[in-house]
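Down below is the structure, laid out as structure tokens.
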Amino acid sequence: MTVAERIGGRVQVPRIPPGTPRRGNPILQRLMIALLRLTGWRFTGTDFPDVPRMVLIVAPHTSNWDFPLGVMAMYALRIRGTYLGKHTLFRFPLGILMRFLGGVPVDRSASQDVVEQTVAIARGMDRAIIVLAPEGTRQLTPRWKSGFYRIAQQGGMPIFPVAFDYAHKEIRFFPLFHPTGDLEADLAALRANFTPQMARYPAQYA
């Protein structure tokens, strides 16, 4: 994508396909673009994909700062992302904010596992961007969790890898990835997009 096809000056916000789930308004968008510019962040990489449903994975995830950065990016893009949270977090009053920001409660103690619950949520939406951190934790972990992959595969959704590159202050989009069914090979291919140097705390990313 060329600079001419982007908005937001140095931030270079990519244009979003018309059918993408949207949220926010132009005033809030300009505010978030200004905050990204003020903090030195920008968008780089491929076009934003035009698909009805996707699993958007964000890595490396080593810091609490990833969440506010993700919120700024979401409103700067004016996309409606859906993320998962433990159902107990959605009690009043925190639940109001969680739902407002796109959170959906999942019950990990239910007989129906989280993957099935998430696939059902995605299928119940005309268009969906399911946002997940493949590491599943901010702590050092030698392997990614496979839940995001199973959600994509069972839901018939492609995977959109996005990096929070703190070293270059880039929110970087990678090409859309279609699961092949070979879990280990696909995880290796997806992880190849990310390096420890991108992380806020490189030592916490294996």
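Some notes on this structure:
- Looking across the stretch 157-180, just one residue is among the basic types (K, R) and either under 9 Å from N193 (Cβ atoms) or touching a His at 6+ places or on another chain (Cβ under 6 Å) (or both), and that is R172.
- The number of residues in the stretch 113-132 being loosely packed, with under 14 Cβ neighbours inside 10 Å and touching a Lys or Arg at 6+ places or on another chain (Cβ under 6 Å) comes to 0.
- Close pairs (6 angstrom Cβ cut-off, 6 or more residues apart or separate chains): under 13 Å from I79 (Cβ atoms) in the stretch 37-52, polar (S, T, N, Q) anywhere: F43/Q12
- No other residue among V162, V104, V131 is modelled with pLDDT under 85 and either assigned to a strand (DSSP E or B) or touching an Asp or Glu at 6+ places or on another chain (Cβ under 7 Å) (or both) apart from V104.
- Within the stretch 170-187, being part of a strand (DSSP E or B) and over 19 Å from E135 (Cα atoms) holds for one residue alone: E170.
- Odd one out for E135, checked against (1) without any contact (Cβ under 8 Å) to a residue 60 or more places away in the chain; (2) acidic (D, E); (3) buried (at least 19 other Cβ atoms within 10 Å of the Cβ): (1)
- When we screen G45, G81 for residues that are at pLDDT below 95, closer than 24 Å to E135 by Cβ, among the small types (G, A, S) and in contact with a strand residue (DSSP E or B) (Cβ under 7 Å, 6 or more places away or on another chain), the only hit is G81.
- Search result, residues across the stretch 51-97 that are among the charged types (D, E, K, R) and either under 15 Å from the mean Cα position of the chain (by Cα) or surrounded by 16 or more Cβ atoms within 10 Å (Cβ to Cβ) (or both): R53, D66, R78, R80
- The residues of the stretch 58-86 that are touching a residue at least 12 places away in the same chain (Cβ under 8 Å) and assigned to a helix (DSSP H, G or I), listed by number, are D66, L69, G70, V71, M72, A73, M74, Y75, A76, L77.
- Residue check for A167: over 22 Å from T20 (Cα atoms), assigned to a loop (DSSP other than H, G, I, E, B) and at pLDDT 95 or above: yes
- Inspection of the stretch 87-98 identifies no residue that is under 26 Å from L35 (Cβ atoms), of a type in the set (F, W, Y) and in contact (Cβ under 8 Å) with a residue 12 or more places away in the chain.
The values are calculated or read from the model by the stated rules, or taken from the named source; none is laboratory data. Bear in mind that the values here come from a model prediction, so they are computed numbers and not experimental data. Neighbour counts are summed over all protein chains in view; Cβ atoms, including those assigned to glycine, are modelled from backbone coordinates with ideal geometry.
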